[in-house]
Amino acid sequence: MPNGHHPPTALSSTIEPVDRRGSGAELPDRSAEDSLSALLALVYGVPRVLCLRIPRLVDEIAIYSPFERTETRLAITEKSGAFLEGLAAAQAATVVACLTLQAETLSGRWMPWRVIDVVDAIVAAGLAPSVLRLEANDTRLSSDG
């Protein structure tokens with residue numbers, strides 16, 4: 001796709017970054033979603049995935065063997081994996097943001113409202129793995145019928 005943007009999916013949309021620095025400089029290409037669209041994707045997608053997943057979890061209760069409970073195992077491991085990936089992504093985004101703000105401050109280009117974009121990028125980086133897992137679950141559970 002042009003400019004590195006991806007077409008919106010059922011649970012996500014791409015929001016163009018706004019240049020609020022006033023210097024006319026280009027903002028870095030943030031192909032990741034912002035925190036608001038990530039939160040809205042979670043608000044929309046979680047009830048849908050729960051409605052698709054709960055009947056499967058109830059069906060697995062009737063099975064005596066703990067080794068046959070694949071949906072339960074997936075539900076637990078996906079959530080913990082997404083949490084750990086989000087934690088690592090938020091920490092990495094925080095380091096990048098600190099270094100970027102430090103470089104902008106030293107070069108004289110720092111504007112106070114730039115902090116809003118930085119915090120937004122950190123939150124979006126932390127939520128991105130959960131949104132990706134949610135979209136994958138939605139696709140998998142919807143297609144299984």
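Among the residues of the stretch 42-50, is any more than 14 Å from ASN137 (Cβ to Cβ), modelled with pLDDT of 90 or more and in a helix (DSSP H, G or I)? Yes, the stretch 42-50 has at least one match. Could you tell me whether any residue of the stretch 81-98 is of a type in the set (Gly, Ala, Ser), in contact with a helix residue (DSSP H, G or I) (Cβ under 7 Å, 6 or more places away or on another chain), modelled with pLDDT of 90 or more and under 15 Å from LEU134 (Cα atoms)? Checking the stretch 81-98: at least one residue is of a type in the set (Gly, Ala, Ser), in contact with a helix residue (DSSP H, G or I) (Cβ under 7 Å, 6 or more places away or on another chain), modelled with pLDDT of 90 or more and under 15 Å from LEU134 (Cα atoms). For the stretch 51-82, give me each residue that is assigned to a helix (DSSP H, G or I), free of Cβ contacts under 8 Å to residues at least 40 places away in the same chain and small (Gly, Ala, Ser). Across the stretch 51-82, the qualifying residues are ALA75, SER80. When GLU33, GLU60 are screened for being acidic (Asp, Glu) and either more than 22 Å from LEU127 (Cα to Cα) or modelled with pLDDT under 50 (or both), only GLU60 passes. The set of residues from the stretch 46-102 being exposed (fewer than 14 other Cβ atoms within 10 Å of the Cβ), among the charged types (D, E, K, R) and over 25 Å from the mean Cα position of the chain (by Cα) comprises ASP59, GLU68. For the stretch 114-145, a tally of residues being buried (at least 17 other Cβ atoms within 10 Å of the Cβ) and among the small types (Gly, Ala, Ser) returns 6.
The values are calculated or read from the model by the stated rules, or taken from the named source; none is laboratory data. Please read all numbers here as calculations on a predicted model, not as lab measurements. Neighbour counts are summed over all protein chains in view; Cβ atoms, including those assigned to glycine, are modelled from backbone coordinates with ideal geometry.
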